[in-house]
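A.B. asks: I'd like to ask you about the structure that follows.
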Amino acid sequence: MKAHVVTLPGDGVGPEVTAAAVAVLHAVAARYGHEFSFDEQLIGGAAIDATGEPLPTASLAACKAADAVLLGAVGGPKWSDPNAKVRPEQGLLALRAALGVYANLRPLTVHPSLAALSPLKNEKLKNVDVLFVRELTGGAYFGAKTRTADTATDECKYTVMEIERVVRRAFDLARGRRRHVTSVDKANVLETSRLWRSTVQRIAADYPDVTVEHQLVDSMAMLLLTQPSRYDVVVTENLFGDILTDEAAALAGSLGLLPSASLGDGSAGLYEPIHGSAPDIAGQGVANPIGAILSAAMLLRHSLQLEAEAVAIEAAVDQVLRNGPHTRDIGGDAGTDTVRDAVLAAVEEHADAADSFFAGARACG
Ligand code: IPM
Ligand code: MG
(Lines give C-alpha, C1' and ligand atoms only; values in the text may rest on other atoms or scores of the structure.)
(Ligands and ions follow the chains in the order given, each with its own letter.)
Protein backbone atom coordinates (compact mmCIF):
# COMPACT_ATOMS: atom_id res chain seq x y z
CA MET A 1 0.00 0.00 0.00
CA LYS A 2 0.96 3.66 -0.34
CA ALA A 3 1.04 5.89 2.73
CA HIS A 4 2.27 9.35 3.53
CA VAL A 5 3.77 9.95 6.98
CA VAL A 6 4.78 13.31 8.41
CA THR A 7 7.58 13.18 10.96
CA LEU A 8 7.98 15.80 13.69
CA PRO A 9 11.32 15.00 15.36
CA GLY A 10 11.06 18.00 17.72
CA ASP A 11 13.55 18.54 20.53
CA GLY A 12 16.15 16.77 22.66
CA VAL A 13 16.34 13.07 21.88
CA GLY A 14 13.30 13.39 19.58
CA PRO A 15 15.32 13.50 16.33
CA GLU A 16 17.47 10.49 17.32
CA VAL A 17 14.59 8.20 18.27
CA THR A 18 12.41 9.33 15.36
CA ALA A 19 15.21 8.53 12.89
CA ALA A 20 15.43 5.01 14.33
CA ALA A 21 11.65 4.53 14.01
CA VAL A 22 11.69 5.81 10.41
CA ALA A 23 14.50 3.36 9.59
CA VAL A 24 12.29 0.54 10.86
CA LEU A 25 9.33 1.77 8.77
CA HIS A 26 11.58 1.90 5.68
CA ALA A 27 12.65 -1.70 6.33
CA VAL A 28 9.04 -2.82 6.77
CA ALA A 29 8.02 -1.06 3.55
CA ALA A 30 10.84 -2.72 1.59
CA ARG A 31 10.20 -6.14 3.06
CA TYR A 32 6.40 -6.17 2.79
CA GLY A 33 6.12 -4.29 -0.52
CA HIS A 34 4.68 -0.95 0.63
CA GLU A 35 5.48 2.57 -0.49
CA PHE A 36 5.79 4.92 2.47
CA SER A 37 6.74 8.55 1.82
CA PHE A 38 8.07 10.74 4.62
CA ASP A 39 8.00 14.49 5.09
CA GLU A 40 9.87 16.05 8.03
CA GLN A 41 8.37 19.15 9.65
CA LEU A 42 9.13 21.43 12.58
CA ILE A 43 7.47 21.43 16.00
CA GLY A 44 8.30 22.52 19.54
CA GLY A 45 11.45 24.38 20.52
CA ALA A 46 13.10 23.64 17.19
CA ALA A 47 10.14 25.35 15.48
CA ILE A 48 10.26 28.31 17.88
CA ASP A 49 13.95 28.79 17.07
CA ALA A 50 13.34 28.62 13.33
CA THR A 51 10.02 30.48 13.00
CA GLY A 52 8.97 31.93 16.37
CA GLU A 53 5.97 29.54 16.48
CA PRO A 54 5.79 26.15 18.26
CA LEU A 55 3.52 24.76 15.49
CA PRO A 56 4.17 26.61 12.20
CA THR A 57 1.27 26.72 9.72
CA ALA A 58 3.26 24.60 7.25
CA SER A 59 3.73 21.84 9.85
CA LEU A 60 0.05 21.79 10.74
CA ALA A 61 -1.05 21.74 7.09
CA ALA A 62 1.34 18.85 6.36
CA CYS A 63 0.06 16.89 9.39
CA LYS A 64 -3.57 17.40 8.41
CA ALA A 65 -2.88 16.04 4.93
CA ALA A 66 -0.90 13.00 6.15
CA ASP A 67 -2.10 9.44 6.71
CA ALA A 68 -0.27 9.50 10.04
CA VAL A 69 2.11 11.65 12.06
CA LEU A 70 5.14 10.34 13.95
CA LEU A 71 6.43 12.68 16.64
CA GLY A 72 9.63 12.54 18.71
CA ALA A 73 9.42 14.86 21.73
CA VAL A 74 9.04 18.55 22.52
CA GLY A 75 10.50 20.84 25.17
CA GLY A 76 13.75 21.48 26.97
CA PRO A 77 15.46 23.88 29.37
CA LYS A 78 16.21 26.35 26.59
CA TRP A 79 12.49 27.12 26.25
CA SER A 80 11.23 26.62 29.81
CA ASP A 81 11.40 30.14 31.19
CA PRO A 82 8.03 30.47 33.01
CA ASN A 83 7.71 33.99 31.58
CA ALA A 84 8.28 32.94 27.97
CA LYS A 85 5.46 33.94 25.60
CA VAL A 86 5.55 30.72 23.62
CA ARG A 87 6.39 27.24 24.83
CA PRO A 88 7.25 24.10 22.84
CA GLU A 89 4.44 22.17 24.59
CA GLN A 90 1.87 24.57 23.10
CA GLY A 91 2.80 23.17 19.69
CA LEU A 92 1.97 19.63 20.76
CA LEU A 93 -1.30 20.63 22.44
CA ALA A 94 -2.37 22.68 19.40
CA LEU A 95 -1.56 19.74 17.14
CA ARG A 96 -3.59 17.28 19.24
CA ALA A 97 -6.54 19.68 19.20
CA ALA A 98 -6.27 20.47 15.48
CA LEU A 99 -6.07 16.79 14.52
CA GLY A 100 -8.98 16.00 16.85
CA VAL A 101 -7.12 13.06 18.37
CA TYR A 102 -9.15 12.77 21.56
CA ALA A 103 -8.24 9.19 22.50
CA ASN A 104 -4.68 8.59 23.63
CA LEU A 105 -3.83 4.88 23.84
CA ARG A 106 -0.92 4.04 26.11
CA PRO A 107 -0.35 0.29 26.42
CA LEU A 108 1.72 -0.96 29.34
CA THR A 109 3.29 -4.39 29.56
CA VAL A 110 6.28 -5.47 31.59
CA HIS A 111 8.85 -7.44 29.66
CA PRO A 112 9.90 -10.44 31.80
CA SER A 113 13.60 -9.84 31.18
CA LEU A 114 13.30 -6.26 32.44
CA ALA A 115 11.18 -6.92 35.53
CA ALA A 116 14.27 -6.56 37.74
CA LEU A 117 14.54 -2.89 36.67
CA SER A 118 11.13 -2.09 38.07
CA PRO A 119 10.92 -0.67 41.59
CA LEU A 120 8.17 -3.22 42.32
CA LYS A 121 8.68 -6.82 43.43
CA ASN A 122 8.81 -9.17 40.45
CA GLU A 123 5.81 -11.25 41.50
CA LYS A 124 3.57 -8.18 41.30
CA LEU A 125 4.60 -7.63 37.69
CA LYS A 126 3.45 -10.98 36.33
CA ASN A 127 0.63 -10.61 33.78
CA VAL A 128 0.66 -6.81 33.82
CA ASP A 129 -1.08 -5.80 30.61
CA VAL A 130 -2.92 -2.49 30.85
CA LEU A 131 -4.21 -0.25 28.10
CA PHE A 132 -4.63 3.32 29.29
CA VAL A 133 -7.10 5.38 27.27
CA ARG A 134 -6.45 9.00 28.18
CA GLU A 135 -8.81 11.76 27.04
CA LEU A 136 -6.48 14.08 25.16
CA THR A 137 -8.22 17.20 23.91
CA GLY A 138 -10.25 18.48 26.88
CA GLY A 139 -10.11 19.24 30.59
CA ALA A 140 -7.74 21.60 32.35
CA TYR A 141 -5.24 21.39 29.47
CA PHE A 142 -7.60 23.25 27.16
CA GLY A 143 -9.87 25.27 29.49
CA ALA A 144 -9.70 29.04 29.82
CA LYS A 145 -6.64 30.30 31.67
CA THR A 146 -6.39 33.50 33.66
CA ARG A 147 -3.48 35.13 35.38
CA THR A 148 -3.10 38.26 37.48
CA ALA A 149 -0.19 39.22 39.70
CA ASP A 150 -1.38 36.99 42.55
CA THR A 151 -4.02 34.66 41.11
CA ALA A 152 -4.15 32.05 38.36
CA THR A 153 -6.89 29.73 37.13
CA ASP A 154 -7.15 26.81 34.72
CA GLU A 155 -10.73 25.94 33.91
CA CYS A 156 -11.50 22.22 33.75
CA LYS A 157 -14.47 21.65 31.48
CA TYR A 158 -15.93 18.52 29.88
CA THR A 159 -19.02 18.07 27.73
CA VAL A 160 -20.98 14.81 27.56
CA MET A 161 -19.94 14.46 23.91
CA GLU A 162 -16.25 14.71 24.83
CA ILE A 163 -16.61 12.11 27.57
CA GLU A 164 -18.83 9.80 25.58
CA ARG A 165 -16.60 9.44 22.51
CA VAL A 166 -13.46 8.52 24.47
CA VAL A 167 -15.35 6.20 26.83
CA ARG A 168 -16.95 4.38 23.88
CA ARG A 169 -13.48 3.95 22.38
CA ALA A 170 -12.33 2.42 25.67
CA PHE A 171 -15.26 -0.03 25.76
CA ASP A 172 -14.70 -0.98 22.12
CA LEU A 173 -11.03 -1.65 22.82
CA ALA A 174 -11.92 -3.71 25.90
CA ARG A 175 -13.93 -6.04 23.65
CA GLY A 176 -10.71 -7.01 21.89
CA ARG A 177 -9.01 -7.66 25.24
CA ARG A 178 -10.14 -8.98 28.65
CA ARG A 179 -13.47 -7.07 28.67
CA HIS A 180 -12.87 -5.04 31.79
CA VAL A 181 -12.95 -1.23 31.97
CA THR A 182 -11.77 0.81 34.94
CA SER A 183 -12.94 4.41 34.81
CA VAL A 184 -10.87 6.80 36.91
CA ASP A 185 -12.26 10.08 38.24
CA LYS A 186 -12.50 12.24 41.35
CA ALA A 187 -16.29 12.12 41.61
CA ASN A 188 -16.22 12.72 45.38
CA VAL A 189 -14.95 16.27 44.75
CA LEU A 190 -15.14 17.39 41.11
CA GLU A 191 -18.29 18.18 39.14
CA THR A 192 -16.58 17.25 35.86
CA SER A 193 -15.90 13.84 37.41
CA ARG A 194 -19.55 13.38 38.40
CA LEU A 195 -20.53 14.06 34.79
CA TRP A 196 -17.79 11.67 33.71
CA ARG A 197 -19.03 8.91 36.01
CA SER A 198 -22.69 9.20 35.09
CA THR A 199 -21.76 9.18 31.39
CA VAL A 200 -19.70 6.02 31.88
CA GLN A 201 -22.61 4.38 33.72
CA ARG A 202 -25.00 5.18 30.88
CA ILE A 203 -22.63 3.92 28.17
CA ALA A 204 -21.82 0.76 30.13
CA ALA A 205 -25.42 -0.37 29.55
CA ASP A 206 -24.59 -0.69 25.82
CA TYR A 207 -21.73 -3.07 26.66
CA PRO A 208 -23.28 -5.78 28.88
CA ASP A 209 -20.37 -8.10 27.99
CA VAL A 210 -17.82 -5.69 29.51
CA THR A 211 -17.43 -5.29 33.29
CA VAL A 212 -16.96 -1.78 34.65
CA GLU A 213 -15.32 -0.53 37.78
CA HIS A 214 -14.97 3.07 39.01
CA GLN A 215 -11.91 4.21 40.95
CA LEU A 216 -11.03 7.56 42.45
CA VAL A 217 -7.77 8.84 41.04
CA ASP A 218 -5.91 9.05 44.36
CA SER A 219 -6.73 5.47 45.21
CA MET A 220 -5.96 4.39 41.63
CA ALA A 221 -2.48 5.88 41.99
CA MET A 222 -1.93 3.44 44.84
CA LEU A 223 -3.67 0.43 43.25
CA LEU A 224 -1.48 0.72 40.15
CA LEU A 225 1.50 -0.05 42.35
CA THR A 226 -0.12 -2.61 44.65
CA GLN A 227 -2.21 -4.63 42.14
CA PRO A 228 -1.16 -3.65 38.60
CA SER A 229 -2.14 -6.98 37.06
CA ARG A 230 -5.80 -6.42 38.02
CA TYR A 231 -6.35 -3.82 35.29
CA ASP A 232 -7.24 -4.25 31.63
CA VAL A 233 -8.49 -1.00 30.04
CA VAL A 234 -8.23 2.15 32.17
CA VAL A 235 -10.06 5.22 30.87
CA THR A 236 -9.67 8.67 32.37
CA GLU A 237 -9.59 12.40 31.74
CA ASN A 238 -6.61 14.31 30.37
CA LEU A 239 -4.68 15.40 33.46
CA PHE A 240 -5.30 12.22 35.48
CA GLY A 241 -4.19 10.21 32.46
CA ASP A 242 -1.01 12.24 32.09
CA ILE A 243 -0.03 11.56 35.68
CA LEU A 244 -1.11 7.92 35.95
CA THR A 245 0.66 6.90 32.74
CA ASP A 246 4.02 8.26 33.90
CA GLU A 247 3.51 6.42 37.18
CA ALA A 248 2.63 3.23 35.32
CA ALA A 249 5.68 3.60 33.09
CA ALA A 250 7.89 3.05 36.12
CA LEU A 251 6.51 -0.51 36.28
CA ALA A 252 7.93 -1.25 32.83
CA GLY A 253 11.43 -0.37 34.03
CA SER A 254 11.96 2.63 31.76
CA LEU A 255 9.91 5.42 30.28
CA GLY A 256 11.99 4.89 27.14
CA LEU A 257 10.10 1.72 26.23
CA LEU A 258 6.53 2.91 25.98
CA PRO A 259 4.66 3.97 22.84
CA SER A 260 1.41 5.83 22.35
CA ALA A 261 -1.22 6.38 19.70
CA SER A 262 -3.56 9.37 19.64
CA LEU A 263 -6.68 8.73 17.60
CA GLY A 264 -9.75 10.63 16.50
CA ASP A 265 -12.71 9.46 14.46
CA GLY A 266 -10.88 8.83 11.18
CA SER A 267 -7.92 6.54 10.53
CA ALA A 268 -5.27 9.26 10.74
CA GLY A 269 -3.40 9.43 14.04
CA LEU A 270 -0.52 10.94 15.95
CA TYR A 271 2.10 8.54 17.29
CA GLU A 272 4.75 9.33 19.87
CA PRO A 273 6.81 7.64 22.54
CA ILE A 274 5.54 8.68 25.96
CA HIS A 275 8.99 9.80 27.11
CA GLY A 276 9.96 13.45 26.87
CA SER A 277 12.89 15.18 25.20
CA ALA A 278 15.45 13.98 27.81
CA PRO A 279 17.74 17.01 27.34
CA ASP A 280 20.36 15.50 29.68
CA ILE A 281 21.22 12.79 27.13
CA ALA A 282 20.23 14.53 23.88
CA GLY A 283 22.67 14.38 20.98
CA GLN A 284 24.77 11.62 22.55
CA GLY A 285 23.30 8.72 20.58
CA VAL A 286 22.34 6.84 23.76
CA ALA A 287 18.56 7.36 23.88
CA ASN A 288 16.38 4.27 23.91
CA PRO A 289 14.62 4.13 20.50
CA ILE A 290 12.17 1.40 21.53
CA GLY A 291 9.30 3.68 22.60
CA ALA A 292 9.51 5.41 19.20
CA ILE A 293 9.85 2.11 17.30
CA LEU A 294 6.81 0.64 19.08
CA SER A 295 4.93 3.86 18.27
CA ALA A 296 5.70 3.17 14.60
CA ALA A 297 4.19 -0.30 15.09
CA MET A 298 1.04 1.31 16.50
CA LEU A 299 0.98 3.61 13.46
CA LEU A 300 0.99 0.59 11.15
CA ARG A 301 -1.80 -1.06 13.15
CA HIS A 302 -4.15 1.85 13.79
CA SER A 303 -3.68 4.20 10.82
CA LEU A 304 -2.63 1.82 8.03
CA GLN A 305 -4.37 -1.39 9.18
CA LEU A 306 -1.12 -3.31 8.65
CA GLU A 307 -1.46 -5.74 11.54
CA ALA A 308 1.09 -8.34 10.38
CA GLU A 309 3.71 -5.62 9.92
CA ALA A 310 2.95 -4.18 13.36
CA VAL A 311 3.30 -7.62 14.90
CA ALA A 312 6.64 -8.13 13.09
CA ILE A 313 8.02 -4.98 14.74
CA GLU A 314 6.66 -5.96 18.15
CA ALA A 315 8.13 -9.45 17.86
CA ALA A 316 11.47 -7.93 16.84
CA VAL A 317 11.45 -5.59 19.85
CA ASP A 318 10.53 -8.49 22.10
CA GLN A 319 13.54 -10.43 20.85
CA VAL A 320 15.89 -7.46 21.37
CA LEU A 321 14.57 -6.91 24.89
CA ARG A 322 15.13 -10.57 25.64
CA ASN A 323 18.61 -10.95 24.14
CA GLY A 324 19.97 -7.42 23.96
CA PRO A 325 21.53 -5.13 22.99
CA HIS A 326 20.12 -2.76 25.62
CA THR A 327 20.53 0.98 26.06
CA ARG A 328 21.71 2.49 29.35
CA ASP A 329 18.26 3.17 30.78
CA ILE A 330 17.61 -0.58 30.83
CA GLY A 331 20.98 -1.60 32.16
CA GLY A 332 23.03 -1.99 28.96
CA ASP A 333 25.65 0.15 27.25
CA ALA A 334 24.47 0.03 23.63
CA GLY A 335 23.76 3.19 21.66
CA THR A 336 20.56 4.12 19.84
CA ASP A 337 21.87 2.94 16.45
CA THR A 338 23.01 -0.43 17.77
CA VAL A 339 19.56 -1.13 19.16
CA ARG A 340 17.96 0.11 15.93
CA ASP A 341 20.15 -2.25 13.89
CA ALA A 342 19.28 -5.17 16.15
CA VAL A 343 15.56 -4.43 15.69
CA LEU A 344 16.05 -4.17 11.90
CA ALA A 345 17.78 -7.56 11.83
CA ALA A 346 15.06 -9.10 13.99
CA VAL A 347 12.32 -7.70 11.72
CA GLU A 348 13.99 -9.47 8.77
CA GLU A 349 14.24 -12.71 10.74
CA HIS A 350 10.61 -12.51 11.75
CA ALA A 351 9.53 -11.87 8.14
CA ASP A 352 11.71 -14.80 6.92
CA ALA A 353 10.11 -17.07 9.50
CA ALA A 354 6.62 -15.95 8.49
CA ASP A 355 7.50 -16.52 4.80
CA SER A 356 8.70 -20.06 5.39
CA PHE A 357 5.67 -20.78 7.57
CA PHE A 358 3.33 -19.73 4.76
CA ALA A 359 5.42 -21.52 2.13
CA GLY A 360 5.15 -24.65 4.30
CA ALA A 361 1.41 -24.16 4.68
CA ARG A 362 1.06 -23.79 0.87
CA ALA A 363 3.13 -26.92 0.28
CA CYS A 364 0.94 -28.88 2.70
CA GLY A 365 -2.33 -27.45 1.51
C1 IPM B 1 2.57 13.71 27.56
C2 IPM B 1 3.36 14.95 27.90
C3 IPM B 1 2.61 16.17 27.42
C4 IPM B 1 1.29 16.20 28.17
C5 IPM B 1 3.36 17.50 27.54
C6 IPM B 1 4.68 17.47 26.83
C7 IPM B 1 2.51 18.64 27.05
O8 IPM B 1 3.64 14.99 29.27
O9 IPM B 1 2.32 13.48 26.36
O10 IPM B 1 2.20 12.97 28.48
O11 IPM B 1 1.23 16.68 29.30
O12 IPM B 1 0.30 15.73 27.61
MG1 MG C 1 3.01 13.26 30.32
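The values are calculated or read from the model by the stated rules, or taken from the named source; none is laboratory data. Here the structure is a predicted model, which is why all the values come from computation and not from measurement. Here Cβ is always computed from backbone atoms with ideal geometry, including for glycine, and neighbour counts include all displayed protein chains. When the accessible area is computed, the model is the full protein with side chains, heavy atoms only, and any ligands, DNA or RNA have been set aside. Shrake-Rupley method; radii C 1.70, N 1.55, O 1.52, S 1.80 Å.
Yes/no per residue for (1) within 30 Å of T159 (Cα to Cα); (2) in contact with a helix residue (DSSP H, G or I) (Cβ under 9 Å, 6 or more places away or on another chain); (3) of a type in the set (V, I, T):
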{"site": "G10", "(1), (2), (3)": "no, yes, no"}
{"site": "A19", "(1), (2), (3)": "no, yes, no"}
{"site": "A23", "(1), (2), (3)": "no, yes, no"}
{"site": "V28", "(1), (2), (3)": "no, yes, yes"}
{"site": "E35", "(1), (2), (3)": "no, yes, no"}
{"site": "A68", "(1), (2), (3)": "yes, yes, no"}
{"site": "L93", "(1), (2), (3)": "yes, yes, no"}
{"site": "V101", "(1), (2), (3)": "yes, yes, yes"}
{"site": "P107", "(1), (2), (3)": "yes, yes, no"}
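A.B. asks: Okay, next question. Got a sec? Which of G276, G266 is in a loop (DSSP other than H, G, I, E, B), within 10 Å of ligand 1 (Cβ to nearest atom), surrounded by fewer than 23 Cβ atoms within 10 Å (Cβ to Cβ) and not aromatic (F, W, Y)?
C.D. replies: Only one candidate qualifies: G276.
A.B. asks: Anything in segment 262-279 that is modelled with pLDDT of 95 or more, of a type outside the set (G, A, S) and within 16 Å of ligand 2 (Cβ to nearest atom)? List them, or say none.
C.D. replies: Those that are modelled with pLDDT of 95 or more, of a type outside the set (G, A, S) and within 16 Å of ligand 2 (Cβ to nearest atom): L270, Y271, E272, P273, P279.
A.B. asks: Looking at segment 233-245, is at least one residue out of contact with any Phe, Trp or Tyr (no Cβ under 7 Å at 6 or more places or on another chain), more than 15 Å from ligand 2 (Cβ to nearest atom) and touching a residue at least 24 places away in the same chain (Cβ under 8 Å)?
C.D. replies: Yes, the conditions are met somewhere in segment 233-245.
A.B. asks: OK, next. Those residues that are assigned to a loop (DSSP other than H, G, I, E, B), polar (S, T, N, Q) and either open to solvent by less than 50 Å² (accessible area, probe 1.4 Å) or without any contact (Cβ under 8 Å) to a residue 24 or more places away in the chain (or both), I need them from segment 285-317; list them, please.
C.D. replies: Within segment 285-317, N288, S303 qualify.
A.B. asks: Applying the selection to segment 293-319, what residues are within 18 Å of G253 (Cβ to Cβ) and within 20 Å of the chain's Cα centre (by Cα)?
C.D. replies: Correct list: I293, L294, S295, E314, V317, D318.
A.B. asks: Then there is this: Of all residues in segment 222-255, which are open to solvent by 10 Å² or more (accessible area, probe 1.4 Å) and either within 16 Å of ligand 1 (Cβ to nearest atom) or not in a helix (DSSP H, G or I) (or both)?
C.D. replies: The answer is Q227, E237, L239, F240, D242, I243, D246, E247, A250, G253, S254, L255.
A.B. asks: Among the strands (runs of 3 or more DSSP E) lying completely within segment 116-174, list those that include at least 1 residues that are crowded, with 19+ Cβ neighbours inside 10 Å.
C.D. replies: Hits in segment 116-174: 129-135.
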